[in-house]
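The values are calculated or read from the model by the stated rules, or taken from the named source; none is laboratory data. Just so it is clear, the structure is predicted and the values come from calculations on it, not from any experiment. Glycine also receives a Cβ, built like all others from the backbone with ideal geometry; neighbour counts cover every protein chain displayed.
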């Protein structure tokens, strides 16, 4: 299972690095489905989750909140070659999704299901809380590494007064956009406006295999 982005091969390599850490056979067993459906759902859901995290980090307040969350997720979950899905805390995943999608989670699952051939909205809704802690662990390891001294140095940089999130010492938008083909954050929507997955991801992808 490989994904390419239209404009950035390096981003595809980094995104696929994360994708490859998630064992599709184990994921299918957890979801009670076949591997093809699990793979399809995974490729639909993971970019949407990362894109929404990027959008949320485009404001100073959102970036600060995400940095704090990433520090709590600087762990070994996504550090090895493959994630042990038995170690994924789905309750933590549900809490992450509350911050990421607010009250739009069901709508997100429905729209994601519409972008697949076989995956149902119920399956996508079960998948998202599994993916959220994995994504947070992977991003945290990319941003902070596993070294506590490095983590503190990054946080000290972030806490210095800055005029914009992009110059805040830790460039979350750049990191997340770099996982998504150089995607730029979208304008934030209010919680009652609904969410447009198609608009969220735009023409991001090239070939998926």
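The condition of being in a helix (DSSP H, G or I) and within 17 Å of residue 135 (Cα to Cα) does not hold for residue 77.
Which residue is surrounded by the most Cβ atoms within 10 Å (Cβ to Cβ), if the candidates are limited to segment 79-111 and must be at pLDDT below 95 and under 21 Å from residue 23 (Cα atoms)? Within segment 79-111, the match that is surrounded by the most Cβ atoms within 10 Å (Cβ to Cβ) is 79. All conditions but one from (1) under 16 Å from the mean Cα position of the chain (by Cα); (2) modelled with pLDDT under 90; (3) surrounded by 20 or more Cβ atoms within 10 Å (Cβ to Cβ); (4) over 14 Å from residue 131 (Cα atoms) apply to residue 8; the one that does not is (1). Would you point out the residue of segment 30-72, among those that are in a loop (DSSP other than H, G, I, E, B) and surrounded by fewer than 22 Cβ atoms within 10 Å (Cβ to Cβ), that is nearest to the chain's Cα centre (by Cα)? Within segment 30-72, the match that is nearest to the chain's Cα centre (by Cα) is 58.
Residue-level analysis places residue 19 outside the set of residues that are out of contact with any strand residue (DSSP E or B) (no Cβ under 6 Å at 6 or more places or on another chain), at pLDDT 95 or above and over 12 Å from residue 133 (Cα atoms).
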